[in-house]
Amino acid sequence: MKDGEGRVIYVGKAKDLHNRVRSYFVGSGDGRPQFEALVRQIRDFDYIITDSEREALVLEAHLIKELKPKYNITLKDDKKYPYLKLTREPFPRLLVTRRLEKDGARYFGPYTDVKAMKRTLELVRRLFPLRNCNHRLPERPPERPCLNYQIKRCLGPCRGDVDPEDYDKVVRQVELFLKGRGSQVERILEDWMWEAARNLDYERAAELRDRLEDLRRTLSRQKVASPTPADWDAVGVFRDDEEACGVVLEVREGKVLDRKHYFIGGVMGKPPEEVMSAFLRQFYLDALEVPPEVHLPCPPEDEEELTEWLSEKRGGRVVLKVPQRGDKVRLVEMAAKNAEWLLVERRFKRERLREEAPYSVRALQRDLHLERPPRRIEAVDISTTQGSDAVGSLVCFVDGRPRKSEYRRYRIKTVEGQDDFAMMKEVVSRRFRRLLEEGRELPDLLLVDGGKGQLSSALEALRELGIEDQPVVGLAKRLEEVYLPGIPDPQNIPKGSASLRLLQQIRDEAHRFAVEFHRKLRAKRVLTSELDGIPGLGKVKKEALLKRFGSVRSIREASPEELQEVPGIGPKLARKVLEHLRGEDAS
């Protein structure tokens with residue numbers, strides 16, 4: 001479904017397209033405010049035909065993830081979460097990546113908890129002596145081994161101390177461990193330890209014994225979810241108002257291996273079955289592994305299609321269950337409790353950040369003696385070359401961060417010649433008049449690029465508009481001096497303070513924005529002026545030539561035949577252009 005501007009606002013699927021679309025416009029709908037709001041905005045729709053309901057299910061999940069329609073249930077944290085990657089090399093490494101590539105490597109994840117992923121990575125590097133250097137082995141070994149080799153955290157493939165087959169055995173252990181097969185790795189290490197002891201290789205046996213003890217301590221700390229060594233996922237969802245959080249507890253060999261979570265938007269008024277279906281589709285869309293059982297608090301919509309799709313993705317049968325008693329019910333409840341806590345924590349952090357200004361903003365309030373923190377700061381700068389192509393810029397920072405949607409550019413209209421003070425007055429006047437006309441709030445602080453003269457001009461513009469209590473500050477470039485209204489001497493703000501750094505950052509951004517606009521106008525004027533005065537060469541043909549050749553210099557160096565390749569440029573006009581630019585006969 002699309003709105004009047006062609007934006008996709010809803011993605012759905014249907015066995016019968018006619019009935020599905022008709023249901024939006026005939027009858028009273030389902031009573032939900034979101035449904036009525038959606039229908040009011042629909043102006044057009046597109047459709048894609050698939051071969052089966054399962055394909056429609058997958059395509060719907062892909063489109064929702066890519067387009068993020070306003071009226072669909074979506075995963076709000078749809079950023080690229082990290083994966084652990086076992087590289088495809090003669091001696092593989094375990095790396096962190098945020099990109100899935102078809103390079104033959106083995107990937108594990110995604111990890112929604114980055115700290116947990118880093119702990120896992122550190123644990124693997126402590127238990128399994130894989131290399132983590134960047135050398136291309138065996139082609140380009142280093143001159144000497146690294147510290148990891150010295151402390152027995154690496155088998156030393158750079159020195160030729162291990163052959164590829166033995167190294168691959170360790171890689172296989174890492175793969176099993178990351179898949180949650182810790183008990184299988186435990187049995188392998190124990191077999192190797194006794195084999196080394198029988199061969200009287202006691203040093204090797206002691207090394208394996210230490211690794212085995214570390215692994216057993218790690219496995220003993222994992223929470224036991226079930227007495228049977230089975231693989232399954234427990235899903236819990238907690239919803240409140242328009243937000244929800246979904247948690248998946250991954251149980252492998254009967255132990256909780258990992259907890260993954262996503263925040264979900266657009267759930268207000270949606271039935272639990274629809275929310276569960278949307279969450280499962282989008283969660284397992286990028287999952288690298290699907291267990292044979294997924295336990296849920298309620299059955300999802302499209303249960304049959306979901307089961308078919310997950311079974312195909314796994315390469316084996318997948319069952320969606322709603323447990324009634326026992327360990328699996330308790331773990332589903334635990335997942336829901338985790339979801340509730342994560343949602344509450346997220347809201348608490350968001351509200352705290354919204355209420356609390358950053359330290360640099362509070363430091364600026366302190367150093368400028370302002371009544372309230374300047375959370376919204378607007379800065380004005382002027383750029384001109386001896387009065388020509390004069391422009392002004394306005395940038396906006398909110399809580400110390402640029403808000404580029406609020407940036408504005410101004411062509412100076414009322415000032416002739418080089419008069420920076422009058423230009424500053426014009427820009428400030430135009431900006432604040434617009435704010436007053438639109439009834440918008442004024443910034444907490446206005447920063448002007450310059451000293452006492454520019455500051456006085458800005459204050460004069462504000463007084464003419466009847467604005468008396470607007471905080472204004474000037475920052476002079478030469479000595480980075482800060483000037484306040486009514487105080488002739490600059491303020492004594494320490495050069496390394498967070499407040500001065502913030503002012504400098506905003507001033508520099510305003511300067512960059514102004515200079516960029518000024519250069520653009522000046523370049524346009526210079527380019528067009530060189531092509532002016534050529535009979536038969538209008539605006540459209542000038543732009544076509546510049547688009548084709550990129551610069552006047554390239555046009556000057558081109559041949560008449562090359563110019564004639566541009567639409568509208570005939571042999572006669574091509575000669576005129578070259579004669580004008582070269583000052584000679586171009587024939």
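Some observations on this one:
- Estimated [θ] at 222 nm from DSSP helical runs (n ≥ 4, -39500 (n - 2.57)) normalised by residues in the chain, nearest 500: -14500 deg cm²/dmol
- Put in line by how crowded their Cβ is, counting other Cβ atoms within 10 Å and starting with the fewest, D389, D3 read D3, D389.
- Charge dipole magnitude, Cβ of K and R +1, D and E -1 - segment 361-522, Cα centre, debye nearest 20: 620 debye
- Candidates Y149, Q491, W341 compared by Cα position along the dipole of the chain: farthest toward the positive end lies Q491, with charges placed on Cβ.
- Residue pairs, from the table K179/K349; K115/K404; K68/K404; K255/K321, whose Cα atoms sit over 27 Å apart: K179/K349; K115/K404
- Cut-off 18 Å, label 7 Å out along Cα→Cβ of N19, residues of segment 42-73 by amide N: 50, 52-54, 56-57
- In terms of other Cβ atoms within 10 Å, I151, I73 run from fewest to most in the order I151, I73.
- Mean projection area, nm², convex hull over Cα of segment 341-381: 4.0 nm²
- Candidate aspartates and glutamates for bridging to K539, where Cα separation is under 15 Å - those fewer than 8 sequence places away on the same chain excluded: E530
- The amide H of T50, built 1.01 Å from its N in the peptide plane, has no neighbour under 5 Å, considering only residues 5 or more places off or on other chains.
- Between the helical axis of 182-198 and the longest alpha-carbon principal axis of the chain there is an angle of about 60 degrees.
- Antiparallel content of DSSP bridges confined to segment 336-477, in %, to 5: 65 percent
- Structure-derived log10 I(q)/I(0) by the Debye sum over Cα atoms at q = 0.08, 0.11, 0.13 Å⁻¹: which label, when the choices are (i) -0.73, -1.13, -1.35; (ii) -0.94, -1.12, -1.18; (iii) -0.67, -1.12, -1.38: (ii)
- Here's the list of lysines a cross-link from K413 could span, going by alpha-carbon distance under 21 Å and ignoring same-chain residues fewer than 8 apart: K425, K520, K524.
- Bridgeable aspartates and glutamates around K452 (alpha carbons under 15 Å apart, same-chain partners fewer than 8 residues away excluded): D381, D419, D420, E460, E480, E481, D489.
- Acute angle (nearest 10 degrees) that the helix 53-67 long axis makes with the longest principal axis of the chain, alpha-carbon atoms: 40 degrees
- Taking the number of Cβ atoms within 10 Å of each Cβ as an exposure proxy, the fewest-first ranking of M1, M334, M424, M268 is M268, M334, M1, M424.
- With a Förster radius of 35 Å applied to the C-beta separation of A422 and K495, the computed FRET efficiency comes to 0.65.
- Between helix 539-549 and the chain: long-axis angle, C-alpha atoms, 0 to 90°, nearest 10: 50 degrees
- Rounded to the nearest 20, the size of the Cβ-charge dipole of the chain about its Cα centre is 900 debye, with Lys and Arg at +1 and Asp and Glu at -1.
- Long pairs among K313/K337; K542/K576; K2/K65, criterion Cα-Cα beyond 24 Å: K313/K337
- Proximal charge balance of E60 [Cβ under 9 Å; K/R count +1, D/E count -1]: +2
- For the pair E139 and D113, a Förster radius of 45 Å applied to the C-beta separation gives a FRET efficiency near 0.75, rounded to the nearest 0.05.
- FRET E, pair V515, E351, Förster distance 51 Å, beta-carbon r, rounded to 0.05: 0.85
- Relative contact order of the chain, pairs being alpha-carbon contacts under 8 Å that are 6 or more residues apart, as %: 8 percent
- The Rg/Rh ratio for segment 341-412, using Cα coordinates for both the radius of gyration and the Kirkwood hydrodynamic radius, is 1.19.
Since every read-out is calculated from the coordinates, none of them should be taken as a lab result. Just so it is clear, the model here is predicted, and its values are computed rather than measured. No Cβ is skipped: glycine too gets one built from the backbone with ideal geometry, and neighbour counts run over all protein chains shown.
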